[in-house]
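To keep things clear, I will list the structure first and then write my remarks on it.
The values are calculated or read from the model by the stated rules, or taken from the named source; none is laboratory data. Small disclaimer: the values here were computed from a predicted structure and weren't measured. Reconstructed Cβ throughout: ideal geometry from the backbone, glycine too, with neighbour counts over all protein chains shown.
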Amino acid sequence: MTTFATGTDDTTRKRVLRTEIPGPRSRELQRRRADTVAAGVGSALPVYVTGADEGVLHDVDGNTLIDLGSGIAVTSVGNAAPEVVEPLRAQAAEFTHTCFMVTPYENYLAVCEELATLTPGEHEKRSALFNSGAEAVENAVKIARVATGRQAVVVFDHAYHGRTNLTMGMTAKSVPYKHGFGPFSSEIHRMPMSYPAWDATGGPEAARRVLDRIEKQIGGDQVAAVVIEPIQGEGGFVEPAAGFLPELSRWCAENGAVFVADEIQTGFCRTGTWFACEHEGVVPDLITTAKGIAGGMPLAAVTGRAEMMDSVPPGGLGGTYGGNPVACAAALGAIRAMRERDLAGAAGEIERRGLSRLRLLAQRSDRVLEARGRGAMLALELVGPDGHEPDPELTSRVAKACHARGVVVLTCGTHGNVLRLLPPLVIDPALFDEGLDVLEQSLFEQTG
């Protein structure tokens, strides 16, 4: 139940609505924003935040909202977690930047050492650090092309890989990510994704269809990389059928192509293991990471087989801010928190607690095509009254109803008809349950 408060009580980790959402001060700031911020920069919920904690956001109007978005899977260890803030402050007091390509520093090395230990596979690894997920994906493609001497890049329906020119070309959805921004980079080839909610084909069979198309349309000896999200994020939290990823990985190994796992949204304990490809024992040649790596600081990485990573000559990888020392300090703190608090296990508990409730909800509503997810990456796919056609309008209405009740949920999917939940891995179970209560109430309110 919502707490309506008038005093100055301790509301650190409670849902509290003192005003409508968004409140008057947030609306005032939104008017200022219209005069200064480019219209192309959107916001799912125009509530202006002043503070945050483990699973809650505090806004300028004194409201406290339940956060089931984690800044799009970024603040997995909690917002302003002490394990992140303390080393971040200590590093900032020493120095904030030198550029690793000019004069290096130890905590860049320490992050790369952690990545070599944590990412799947026992092979010798190297890493390069960047600022964003899109940079990581773009550099993974560069590395794969140099390592193989080939050009073709295979991607999938419903994929999202970023907003740079190359990664826009790799991304499937046109509006809002690609429309009007072309032309895009060449030698990108899109293949059908295994999407169990719409296609009951088993994983190995679906993969063989893809591989047959690759052989016929591109040529196996022309493929530099197959790039795939083990569970698609923006595309709708699509988890391919079992066997799809291993079959693609096997083909890459046999044909000299680089298998790239884009774990930017799924990585760092989000799906109940450190990385989502571990659920099927898949060992990628290259793995891209960002989002949850540094507790809210901008950091990304490409980690992979030493011989592939080292195929790029000095100067071919890098960037002025890549592997910033403050961000590296935050990453080391976030990784320590994940390890010491067993946040992979916490994500598994969120799945057990949340997915069972979402599946019961799906049984009660003919507007839910499927409840699905791994770990703390959960989704409801909504359809129209016919039980088949995607219903983005309903999805938007349900999300807005949750927002009005003080619960942050997100939408995604190629058709915009998927509600997604990305709670911080440290969220209090009672707070998570309350958020699910609001989601259920909002869904049935909007469907009658």
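Would you confirm whether any residue within region 156-178 is surrounded by fewer than 21 Cβ atoms within 10 Å (Cβ to Cβ), in contact with a strand residue (DSSP E or B) (Cβ under 7 Å, 6 or more places away or on another chain) and in contact (Cβ under 8 Å) with a residue 60 or more places away in the chain?
Yes, region 156-178 contains a residue that is surrounded by fewer than 21 Cβ atoms within 10 Å (Cβ to Cβ), in contact with a strand residue (DSSP E or B) (Cβ under 7 Å, 6 or more places away or on another chain) and in contact (Cβ under 8 Å) with a residue 60 or more places away in the chain.
Counting only residues that are farther than 19 Å from ASN255 by Cβ and either over 16 Å from the mean Cα position of the chain (by Cα) or without any contact (Cβ under 8 Å) to a residue 12 or more places away in the chain (or both), how many does region 131-155 have?
Here the count works out to 3.
Please pick out the residue among THR320, THR411, THR395 that is assigned to a helix (DSSP H, G or I) and not hydrophobic (A, V, I, L, M, F, W, C).
It is THR395.
Conditions (1) out of contact with any Cys (no Cβ under 7 Å at 6 or more places or on another chain); (2) closer than 23 Å to MET170 by Cα; (3) buried (at least 24 other Cβ atoms within 10 Å of the Cβ); (4) not assigned by TED's automatic domain parsing to the domain that holds GLY162, marked per residue:
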{"site": "PRO246", "(1), (2), (3), (4)": "yes, yes, no, no"}
{"site": "THR266", "(1), (2), (3), (4)": "yes, yes, yes, no"}
{"site": "ARG305", "(1), (2), (3), (4)": "yes, yes, no, no"}
{"site": "ASN324", "(1), (2), (3), (4)": "yes, no, yes, no"}
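Quick grid of which residues meet (1) more than 16 Å from ALA152 (Cα to Cα); (2) of a type in the set (A, V, I, L, M, F, W, C); (3) at pLDDT below 95:
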residue	(1), (2), (3)
GLY203	yes, no, no
LEU211	no, yes, no
GLY219	no, no, no
ILE231	yes, yes, no
GLU234	yes, no, no
ALA241	yes, yes, no
PRO246	yes, no, no
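Residues are listed down the side, and each one gets a yes or a no for (1) at positive phi; (2) assigned to a strand (DSSP E or B); (3) surrounded by fewer than 21 Cβ atoms within 10 Å (Cβ to Cβ); (4) hydrophobic (A, V, I, L, M, F, W, C):
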site	(1), (2), (3), (4)
MET338	no, no, no, yes
ARG352	no, no, yes, no
ARG372	no, yes, no, no
VAL438	no, no, no, yes
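Can you tell which of ALA225, ALA159, ALA197, ALA207 is of a type in the set (Gly, Ala, Ser), part of a strand (DSSP E or B), closer than 22 Å to HIS279 by Cα and assigned by TED's automatic domain parsing to the domain that holds GLN265?
ALA225
Can you tell me which residue among THR289, THR320, THR271 is among the hydroxyl-bearing types (Ser, Thr, Tyr), over 18 Å from ALA110 (Cβ atoms) and crowded, with 23+ Cβ neighbours inside 10 Å?
Selected residue: THR271, the only one of THR289, THR320, THR271 that is among the hydroxyl-bearing types (Ser, Thr, Tyr), over 18 Å from ALA110 (Cβ atoms) and crowded, with 23+ Cβ neighbours inside 10 Å.
Within region 414-436, how many residues turn out to be assigned to a helix (DSSP H, G or I) and either assigned by TED's automatic domain parsing to the domain that holds GLY295 or touching a residue at least 12 places away in the same chain (Cβ under 8 Å) (or both)?
Counting residues in region 414-436 that are assigned to a helix (DSSP H, G or I) and either assigned by TED's automatic domain parsing to the domain that holds GLY295 or touching a residue at least 12 places away in the same chain (Cβ under 8 Å) (or both) gives 7.
Which of (1) more than 28 Å from ARG374 (Cα to Cα); (2) of a type in the set (D, E, K, R); (3) in contact with a strand residue (DSSP E or B) (Cβ under 6 Å, 6 or more places away or on another chain) is the odd one out, the single condition GLU229 does not satisfy?
Condition not satisfied by GLU229: (1).
Name every residue in region 156-177 that is of a type in the set (S, T, N, Q), more than 23 Å from ASP310 (Cα to Cα) and within 17 Å of the chain's Cα centre (by Cα), in order of residue number.
THR164, THR171, listed by residue number.
Test of understanding: among GLY121, GLY149, which residue is surrounded by fewer than 16 Cβ atoms within 10 Å (Cβ to Cβ), closer than 30 Å to MET193 by Cβ and either of a type in the set (Gly, Ala, Ser) or in the same structural domain as ILE231 (by TED's automatic domain parsing) (or both)?
GLY149
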